[in-house]
């Protein structure tokens, strides 16, 4: 039985999120109400907490959080693909399918992308388009906390499929937060030799135990990243370099460490209005290929759930701890300070 009130984390301003009791949202045509069974912290949530977000937070107070899985508690009119009681995972977006980019098959660049925020709550209302295009039934034997990884992993599946990694390639991953760790794991699954760079002990351990990286370099203990790369990859440099930090200086460093004919993938998004400088000779005469990827699509969302469901990617190893939803601010702070890779919210209401 659903009461008309629920507990939720609400965003008011940078640094100001509050645990409150609010009205459970009513449903419109095609919408569903999901009782959240598991939600996860994310780097995007940390950034939003620190400085707000022009896309996710359009007005305040606002819902907060976007990685979750749960049970369909109620359905609106004309919902066809799910029913009350279904165990589901919902993406945080869905493309329109009608704009210029969607018609080109570039759904991640949709001009009218429908977004969903508000996973740090007992319930979340899922818009019609996301219900129809990006809500999936999860297997009965798959835990909610693992299914909640579908959204972050889908971004990495998108990125790794854009990156033509061959068996035996040397792949360097700079930045081993959850995204970098998943990139390293998927690169290993493609048969690559992976070297991962980071400085956080918790994440360095995960690079070995979760990602199965061939070499893990603590950059706080070396002043020569170049020599570590050439020692690992050989005198020509990396076949593939993947930047998962989002800093212009590191973009430039990874470009320099990529071999002739190699690929550098810039996944980490830098702040708006920043610039980078590349040697045009290398770009042209050395045929260094630059690629990037952003967000996910329904195709990659489905592939991500499959990888989790069949245990190809053991995402459970990325959960550092479990905390109650009321401690969300503390959890975000711990995530920001590098004390956790992912924190799981899983209250017993």
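Of the numbered conditions (1) assigned to a loop (DSSP other than H, G, I, E, B); (2) assigned by TED's automatic domain parsing to the domain that holds residue 44; (3) surrounded by 24 or more Cβ atoms within 10 Å (Cβ to Cβ), residue 124 fails exactly one; give the number of that condition. It fails just one condition, (1).
If only residues of region 308-339 that are touching a helix residue (DSSP H, G or I) at 6+ places or on another chain (Cβ under 7 Å) and crowded, with 22+ Cβ neighbours inside 10 Å are counted, the one that is nearest to residue 122 (Cα to Cα) is 332. Apart from one condition, residue 254 fits all of (1) at pLDDT below 95; (2) within 16 Å of residue 183 (Cβ to Cβ); the exception is (1). If only residues of region 161-191 that are free of Cβ contacts under 8 Å to residues at least 60 places away in the same chain, in contact with a strand residue (DSSP E or B) (Cβ under 9 Å, 6 or more places away or on another chain) and surrounded by fewer than 24 Cβ atoms within 10 Å (Cβ to Cβ) are counted, the one that is farthest from residue 306 (Cα to Cα) is 168. Which condition from (1) over 10 Å from residue 174 (Cβ atoms); (2) assigned to a helix (DSSP H, G or I); (3) touching a strand residue (DSSP E or B) at 6+ places or on another chain (Cβ under 9 Å) is the one that residue 253 breaks? The failed condition is (1).
Could you grab me the full set of residues in region 98-114 that are in contact (Cβ under 8 Å) with a residue 12 or more places away in the chain and either touching a helix residue (DSSP H, G or I) at 6+ places or on another chain (Cβ under 9 Å) or surrounded by 16 or more Cβ atoms within 10 Å (Cβ to Cβ) (or both)? Within region 98-114, 99, 107, 108, 109, 110, 111, 112, 113, 114 meet the criteria. The requirement of being assigned to a helix (DSSP H, G or I) and under 28 Å from residue 328 (Cβ atoms) is not satisfied by residue 133.
The values are calculated or read from the model by the stated rules, or taken from the named source; none is laboratory data. These figures come from a predicted structure and were not determined experimentally. Because the Cβ atoms are built from the backbone with ideal geometry, glycine has one as well, and the counts that use them run over all protein chains shown.
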